[in-house]
Amino acid sequence: MLSGKVAMVTASTHGIGFAIARRLARDGAQVMISSRKKENVDKALEQLQAEGLSVSGIVCHVGKREDREALVSKTLERHGAIDILVSNAAVNPFAGSTLDCSETAWDKIFEINVKAPFLLAKLVVPHMEQRGGGSIVLVGSAAGYQPFPAIGPYSVSKTALLGLTKVLANELAPANIRVNCLAPGAIRTQFSSVLWSDDSLRQKLEATIAMRRIGEPDECAGTVSFLCSQDAAYITGETIVVAGGFHSRL
Ligand code: NAP
């Protein structure tokens, strides 16, 4: 499905990003994986290469300009082009009442969750234009539609991504670059472990999900591969919620 395409996936050494990188590679793309810690990049690379997939890796903290630039230049150097960007990195350094969030935590959330995807898009678009088009997928959250309890600032950052998806989709459509968003619900990863590692909390959470279970990272990956494929050639500016029926919108 993605044969001949080159994909860059941020925060892709664990969890949803790793599942997306693996799926894009299994579907034929050459994939550049990345995250902050070299040992995580090396371990993920080893695992994917053992499956015979065409992947390379680099350290990239999406909040660091030199890392973002290196991610783009190394992808071009190793794979010769960029057709797909999956912007997956996010942080949540705060839980509690929103007005108790410090300015530092607020800035961090918006720097990593909203500003970095914008800056990465800015870097890759000229290379997509050279290829005659491309596909960008921003990883948002169902919390962008229906704020999760106690993580208000994070939820607001994910709502901002819904807007960024629409704005970029409109502006980049003439260049044949499609921009869409994946909005996962509760997915079993390290990031969300506080929600599911305790049995009683997990049961409370599952009661809010129509399918009464937490999702798995692999259940997010096929949607991203579809959005990057020719099958989605006429889809842009859309957000697909993968949340087992967790209430998100009409
Ligand atoms: P995860 O399993 O905890 O994985 C996080 C990945 O991000 C790791 O590979 C980590 O590696 C990397 N990372 C963290 N900070 C980074 C940074 N600043 N720059 C680059 N890489 C970074 O997380 P996840 O649950 O898969 O979350 C992925 C995305 O899904 C996020 O955008 C999150 O908001 C969204 N999401 C998750 C859920 C859920 O329930 N899990 C629900 C809705 C939305 P290093 O430590 O090596 O950097």
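Can you tell me which residue is least open to solvent (accessible area, probe 1.4 Å) among those in segment 1-58 that are among the basic types (Lys, Arg) and not in a loop (DSSP other than H, G, I, E, B)?
Initial filter on segment 1-58 (among the basic types (Lys, Arg)): 5, 22-23, 26, 36-38, 43.
Cutting the leftovers down to not in a loop (DSSP other than H, G, I, E, B) gives us 22-23, 26, 38, 43.
Working: 22: 40, 23: 87, 26: 137, 38: 122, 43: 137 Å².
Ranking the candidates gives 22 first.
Residue 84: in contact with a Ser or Thr (Cβ under 6 Å, 6 or more places away or on another chain) and among the β-branched types (Val, Ile, Thr), yes or no? Against the criterion (in contact with a Ser or Thr (Cβ under 6 Å, 6 or more places away or on another chain) and among the β-branched types (Val, Ile, Thr)), residue 84 qualifies. If you go through segment 150-162 and keep only what is open to solvent by 10 Å² or more (accessible area, probe 1.4 Å), at pLDDT 95 or above and over 19 Å from residue 224 (Cβ atoms), you end up with 151, 152, 154, 156, 159, 160. Tallying residues that are under 30 Å from residue 126 (Cβ atoms) and not in a strand (DSSP E or B) within segment 174-226 yields 10. When segment 70-89 is limited to residues that are part of a helix (DSSP H, G or I) and either open to solvent by less than 20 Å² (accessible area, probe 1.4 Å) or in contact with a helix residue (DSSP H, G or I) (Cβ under 7 Å, 6 or more places away or on another chain) (or both), the one that is farthest from the ligand (Cβ to nearest atom) turns out to be 76. The residues in segment 194-244 that are more than 17 Å from residue 19 (Cα to Cα), among the hydroxyl-bearing types (Ser, Thr, Tyr) and open to solvent by 20 Å² or more (accessible area, probe 1.4 Å) can be counted, and the count is 5. So for segment 131-149 (the condition being assigned to a helix (DSSP H, G or I), buried (at least 20 other Cβ atoms within 10 Å of the Cβ) and over 15 Å from the mean Cα position of the chain (by Cα)), does at least one residue qualify? Within segment 131-149 (the criterion being assigned to a helix (DSSP H, G or I), buried (at least 20 other Cβ atoms within 10 Å of the Cβ) and over 15 Å from the mean Cα position of the chain (by Cα)), the answer is no, since none of the residues qualifies. Taking segment 6-47 as the range and being within 6 Å of the ligand (Cβ to nearest atom) and out of contact with any strand residue (DSSP E or B) (no Cβ under 8 Å at 6 or more places or on another chain) as the test, only 40 passes.
The requirement of being under 30 Å from residue 130 (Cβ atoms) and out of contact with any Leu (no Cβ under 8 Å at 6 or more places or on another chain) is satisfied by residue 74.
The values are calculated or read from the model by the stated rules, or taken from the named source; none is laboratory data. Because the structure is a prediction, the values reported are computed rather than measured. Don't worry about glycine lacking a Cβ; one is built from the backbone with ideal geometry, like all the others, and counts go over all protein chains shown. Each accessible area value is taken on the protein alone, full model and side chains, heavy atoms only, with ligands, DNA and RNA left out. Shrake-Rupley method; radii C 1.70, N 1.55, O 1.52, S 1.80 Å.
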